[in-house]
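**Q** Sharing a structure with you now.
Coordinate-derived values only; no laboratory data. Predicted model, so just to flag it, every value in this text is computed and none were measured. Methodologically, a virtual Cβ is constructed for each residue, glycine included, from the backbone with ideal geometry; neighbour enumeration extends over all protein chains shown.
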Ligand SMILES: *Cc1c(COP(=O)(O)O)cnc(C)c1O
């Protein structure tokens with residue numbers, strides 16, 4: 001609003017006729033506010049140009065640097081292995097854990113299809129369970145109820161950027177001898193009881209650097225583990241199962257063309273072009289996080305009193321933080337407008353929103369493959385009908401956010 005007034009005033013000062021100018025600016029619709037935008041500036045552009053000029057564009061020194069920086073950021077005694085997507089990272093994590101046909105892996109229904117799809121890559125069976133009504137994170141009771149003798153692992157998803165009840169999940173996993181792979185696509189950086197996600201006591205944690213995540217490399221991901229055996233397997237399978245050791249051990253004696261393929265691996269390595277972006281993004285991640293947190297608080301305050309259920313915040317007294325990758329709101333039962341209509345009306349006002357997520361049990365592939373009926377997911381069903389994600393990203397200015405708030409207030413107030 002302030003910006004609109006400023007620009008009108010500025011143009012009125014110029015030679016153009018004031019009346020026509022005001023009319024024109026009123027007729028012009030405000031620019032469309034996208035649901036998400038990456039926060040890229042000259043630092044990333046220069047880093048990519050430098051990478052291109054260097055002549056080394058695939059996995060090399062920048063990727064090694066990015067992995068090192070990421071590990072340093074987490075601060076734990078972990079290894080960080082860069083991959084070309086979180087999906088690839090989840091696949092590699094399950095492969096390294098030896099998941100295969102006949103195994104059952106428990107995943108929440110409120111997630112992106114990648115969480116379940118990787119289970120299928122290995123011929124195992126995803127077992128989809130309901131979520132907690134407050135956080136929309138995996139329901140620990142539902143996990144327990146879904147256990148069978150074939151259950152091998154759980155993939156908790158830190159929905160929107162708020163950590164799951166990891167103490168309860170890890171205790172359950174220990175009691176039943178299960179592996180835990182955290183899908184932390186939304187959770188960088190997120191703290192759980194003072195510790196960063198990535199340094200908790202699960203087997204593997206996987207982060208995403210997809211374009212709309214809290215930091216991006218265009219496409220990319222990071223596999224983090226404290227287990228050196230798992231790290232070795234992930235590194236091996238990330239690049240065709242080519243044993244680096246064979247080369248390194250004999251590097252002084254064998255010619256550079258020699259390598260050994262010791263497993264049928266994958267092509268999941270991250271390029272130095274992408275890693276160059278990642279190094280720069282990582283440097284800003286604390287500032288990004290502070291801005292996201294500030295915007296979430298602004299939404300909390302500005303949307304108070306509307307027929308909306310606002311997203312659960314982190315219990316800061318317990319040492320938790322929220323990454324605020326998403327700001328999902330739910331229409332309260334007394335709201336007079338339906339979710340789909342609200343999305344349409346916001347879009348007509350030039351505001352992009354999204355829905356996170358259409359639950360897996362509603363997607364044809366998982367509904368049919370897992371024989372799922374909506375009645376088994378009462379919480380997710382109730383959430384899904386009423387949920388939408390409002391735009392929240394560091395490129396948004398306060399004025400953009402004010403526009404979102406004003407439109408929501410106009411429609412629901
Ligand atoms: C984005 C996302 C993924 C996949 O990340 P990619 O890097 O695009 O493979 C996995 N799980 C969740 C919950 C996500 O939101």
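**Q** Could you compute the FRET efficiency for residue 144 and residue 28, with r as their C-beta to C-beta distance and R0 at 60 Å, rounded to 0.05? Intermediate results must be reported in sequence, preceding the final value.
**A** Details: r = 57 Å, r/R0 = 0.94.
Here the calculated transfer efficiency is 0.60.
**Q** Just subtract the alpha-carbon distance of residue 409 and residue 348 from 0.36 nm times their residue separation and send over the number in nm, one decimal.
**A** On the way: separation 61, 0.36 × 61 = 21.96 nm, distance 1.48 nm.
So the extension gain works out to 20.5 nm.
**Q** When the Debye formula is applied to the Cα atoms of segment 299-369, each taken as the same point scatterer, what base-10 log of I(q)/I(0) results at q = 0.15, 0.21, 0.23 Å⁻¹?
**A** Log10 I(q)/I(0), no solvent term: -0.72, -1.09, -1.16.
**Q** Expressed as a fraction of 2.2 N^0.38 Å, the rule-of-thumb size for a compact globular protein of N residues, what is the C-alpha radius of gyration of segment 352-413? Provide the component values of the computation, followed by the final result.
**A** Values: Rg = 16.2 Å, N = 62, 2.2 N^0.38 = 10.6 Å.
Working it through for segment 352-413, the quotient is 1.53.
**Q** How many times 2.2 N^0.38 Å is the alpha carbon radius of gyration of segment 31-149? Mind showing how you got there, number by number?
**A** Numbers: Rg = 19.3 Å, N = 119, 2.2 N^0.38 = 13.5 Å.
Compactness ratio reported: 1.43.
**Q** Could you let me know the centre-to-centre spacing of segment 282-316 and segment 323-363, using Cα atoms, in angstrom?
**A** Result: 17 Å between the Cα centres.
**Q** Oh, and also: In nanometres, what is the gap between the two model label sites at residue 284 and residue 193, each 7 Å from Cα along Cα-to-Cβ?
**A** 3.5 nm
**Q** Quick one: work out Rg over Rh on the C-alpha atoms of the chain, Rh as Kirkwood radius.
**A** Value, to two decimals: 1.02.
**Q** Ok, one more. Between 0 and 90 degrees, rounded to the nearest ten: what's the tilt of helix 61-74 against the longest Cα principal axis of the chain?
**A** 80 degrees
**Q** If you don't mind, another one. With N denoting the number of residues in segment 42-283, provide Rg(C-alpha) divided by 2.2 N^0.38 Å, to two decimal places. Don't skip to the answer; put the middle values down first.
**A** On the way: Rg = 18.2 Å, N = 242, 2.2 N^0.38 = 17.7 Å.
Against the compact-globule rule of thumb, the ratio is 1.03.
**Q** While we're looking at this one, here's another question. Tally the DSSP beta bridges in the chain and give the antiparallel ones as a percent, rounded to 5.
**A** Working: 25 of 40 bridges.
Bridges in the chain are about 60 percent antiparallel.
**Q** Taking Cα centroids, how far is segment 151-187 from segment 123-145 in Å?
**A** When both Cα centres are located, 10 Å separates them.
**Q** Starting from the Kirkwood radius over alpha-carbon pairs of segment 179-304, derive D by Stokes-Einstein at 20 °C in a medium of 1.002 mPa s and give it in µm² s⁻¹.
**A** 125 µm²/s
**Q** Taking Rh as the Kirkwood radius computed over C-alpha pairs, what is the Stokes-Einstein D of segment 273-312 at 37 °C in a medium of viscosity 0.692 mPa s, expressed in µm² per second? If you can, show how the numbers build up before the last one.
**A** Working: Rh = 12.2 Å.
In µm²/s, the coefficient rounds to 269.
**Q** A follow-up question, please. Taking Cα atoms of segment 115-190, Rg/Rh with Kirkwood Rh, to two decimals?
**A** That ratio equals 0.94.
**Q** Would you please state the base-10 log of I(q)/I(0) at q = 0.14 1/Å for segment 248-340, with intensities from the Debye formula using one equal scatterer on every alpha carbon?
**A** Normalising to I(0) and taking log10 leaves -0.78.
**Q** So if R0 is 45 Å, what FRET efficiency would residue 304 and residue 259 give, r being the distance between their Cβ atoms, rounded to the nearest 0.05? Numbers along the way, then the final one.
**A** Working: r = 61 Å, r/R0 = 1.35.
Using R0 = 45 Å, I get an efficiency of 0.15.
**Q** Taking the simple approach of a point 7 Å from Cα along Cα-to-Cβ for both residue 57 and residue 134, what is their distance in nm?
**A** 5.1 nm
**Q** Further question on the same structure: Taking the chain as the reference, fit the longest principal axis to its C-alpha atoms, fit the long axis of helix 339-348 to the helix C-alpha atoms, and give the angle between the two in degrees, 0 to 90, nearest 10.
**A** The answer is roughly 60 degrees.
**Q** Another one. Once you order the gyration tensor axes a ≥ b ≥ c over the Cα atoms, which shape class does segment 29-100 get: rounded for a/c under 1.5, otherwise prolate or oblate by comparing a/b with b/c?
**A** Cα axes put segment 29-100 in the oblate bin.
**Q** Given the C-alpha atoms of segment 285-412, compute the convex hull and give its volume per residue in Å³.
**A** Numbers: hull volume 18.8 nm³, N = 128.
Spread over its residues, the Cα hull of segment 285-412 gives 147 Å³ apiece.
**Q** Using a Gaussian network model of the chain whose springs link C-alpha atoms within less than 10 Å, name the residue from 275, 375, 208 with the highest mean-square fluctuation.
**A** Maximum among the listed residues: 375.
**Q** Calculate the FRET efficiency for residue 50 and residue 358 from the Cβ-Cβ distance with a Förster distance of 51 Å, rounded to the nearest 0.05. Working shown, then result.
**A** On the way: r = 41 Å, r/R0 = 0.80.
The calculated FRET efficiency here is 0.80.
**Q** Can you pull the Kirkwood radius for segment 75-217, inverse mean 1/r over Cα pairs, to one decimal in Å?
**A** On the way: mean 1/r = 0.0669 Å⁻¹.
One over the average 1/r among Cα pairs gives 14.9 Å for segment 75-217.
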